[in-house]
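Derivation of every value follows stated rules applied to the coordinates shown; laboratory data play no part. None of these values were measured; they are calculated from a predicted model. Note: ideal-geometry Cβ built from the backbone for every residue, glycine included; neighbour counts use all protein chains shown.
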Ligand SMILES: Cc1ncc(COP(=O)(O)O)c(C=O)c1O
């Protein structure tokens with residue numbers, strides 16, 4: 001090339017391409033690494049929840065539930081050191097995602113007239129009560145006598161009948177079985193019923209449509225229905241997407257089970273510890289454990305002070321009245337363990353499911369929000 005001006009022009013173009021390439025290197029490395037990422041271990045071929053079933057559930061429940069918004073907040077981003085995207089199931093009908101699974105299960109029950117029966121500490125109870133009302137059925141709900149008054153009032157408000165029991169898993173199961181026999185009811189388990197799990201997975205169907213660029217998803221874990229539905233669908237669609245469960249350290253059965261490679265109960269045996277996150281006080285089941293074992297990348301535990309702090313942060317900064325079970329996910333997203341294991345530069349966009357907002361405001365004002373900060 002004889003013309004010096006043309007030579008200079010070519011050099012300038014080459015230099016700008018090199019700079020542009022260098023600037024995108026971290027992103028390229030990440031996406032190349034992801035393309036080569038090991039696919040998740042497949043669930044058994046006859047596993048009752050599949051991505052197709054979650055998608056079908058999402059379409060089935062769509063006319064009955066809200067497509068909740070995904071919100072962001074600069075203050076929470078600053079606390080996390082990355083961009084957080086919040087799926088606001090706190091704004092869902094009945095105040096939690098639970099209405100998705102309950103409605104899906106109720107719509108799929110073969111016996112179209114039997115009463116719906118369940119046991120729940122509150123949110124699934126409200127969800128079953130509303131689903132029953134929607135389908136013109138009766139609903140009977142067994143609740144532990146420690147369930148927050150606000151949750152009991154809401155269940156009764158939707159027209160369901162309540163039976164109180166001792167706050168143990170065994171007592172709940174026994175009372176629900178007795179109620180089923182008494183009224184000829186159809187039992188809908190709060191977290192281990194495959195149709196409930198598929199319904200909860202509709203959160204992921206919407207979330208990944210609303211925010212397809214997410215690098216990781218943080219989901220609070222109790223019985224594991226929510227995280228299982230989400231993991232089955234999300235790992236099918238995006239095997240590279242990290243699925244992280246958030247669990248109170250006081251009820252860390254999922255974290256200990258995953259570490260042991262075998263399903264474990266509470267460290268305290270049949271006595272259920274009294275975490276602020278009352279929606280997360282349940283154990284993994286026969287259907288949710290394999291998903292947590294094989295498709296959930298990690299469970300991060302958070303202590304009570306972290307749950308309280310994160311809950312208050314969302315109240316104050318996002319003006320969203322989340323309950324502490326949702327605060328557990330926010331605590332994990334803003335905590336040191338998540339940041340250390342999933343660095344912000346490799347995982348810049350993280351989704352957090354704000355799973356519910358049913359709490360006794362008067363009690364919360366006295367306890368959670370009593371001290372400043
Ligand atoms: C608000 C809230 N978040 C999370 C959960 C945990 O859901 P799962 O039991 O499906 O893990 C519950 C369960 O009751 C809940 O009420």
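With the simple model of a label 7 Å out from the Cα in the direction of the Cβ, residue 177 to residue 71 spans 4.3 nm. Here the average projected area of the convex hull drawn through the C-alpha atoms of segment 244-298 stands at 3.6 nm².
Sorted from largest to smallest, which semi-axis lengths in Å does the alpha carbon gyration tensor of segment 115-262 give for its equivalent ellipsoid, taking the root of 5 times each eigenvalue?
Semi-axes, largest first: 30, 19, 13 Å.
The smallest convex shape that holds all Cα atoms of segment 209-284, its convex hull, gives 101 Å³ per residue. For the pair residue 286 and residue 262 in one chain, pulling the backbone fully straight at 0.36 nm per residue adds 7.5 nm over the alpha carbon distance.
Give me Rg over Rh for segment 272-332, both radii from the alpha carbons and Rh done the Kirkwood way, two decimal places. Each step should come with its number before you reach the end.
Numbers: Rg = 13.2 Å, Rh = 12.7 Å.
With Rh from the inverse mean 1/r over Cα pairs, Rg/Rh is 1.04.
Within the listed set 357, 327, 101, the residue fluctuating most in the Gaussian network model of the chain (springs between alpha-carbon atoms under 10 angstrom) is 357. What do you get when you divide the Cα radius of gyration of segment 110-187 by 2.2 N^0.38 Å, with N the number of residues? Ratio of Cα Rg to 2.2 N^0.38 Å: 0.99. Under Stokes-Einstein, with the Kirkwood radius over Cα pairs as Rh, the value for segment 227-373 at 37 °C and 0.692 mPa s is 205 µm²/s.
The ellipsoid that matches the Cα gyration tensor of segment 69-143 has semi-axes, each √(5λ) in whole angstrom, of 34, 12, 9, with the longest given first.
Largest GNM mean-square fluctuation across 41, 175, 102, computed for the chain with C-alpha springs under 10 Å, falls on 41.
Peptides 199-211, 136-148 ranked from most to least packed give 199-211, 136-148, packing being the mean of other C-beta atoms within 10 angstrom over each peptide's residues. Within segment 180-208, which residues have the backbone N less than 15 Å from the label spot 7 Å out from residue 134 along Cα→beta-carbon, could you tell me? Counting backbone N atoms under 15 Å from the label point, the list is 195-203. Relative contact order for segment 217-373: 27 percent, from Cα pairs under 8 Å spaced at least 6 residues apart, divided by residue count. Taking only alpha carbon atoms, the chain gives an Rg to Rh ratio of 1.06, where Rh is the Kirkwood radius.
Summary of packing: across the peptides 300-306, 128-134, the per-residue average of other C-beta atoms within 10 Å ranks them, highest first, as 128-134, 300-306.
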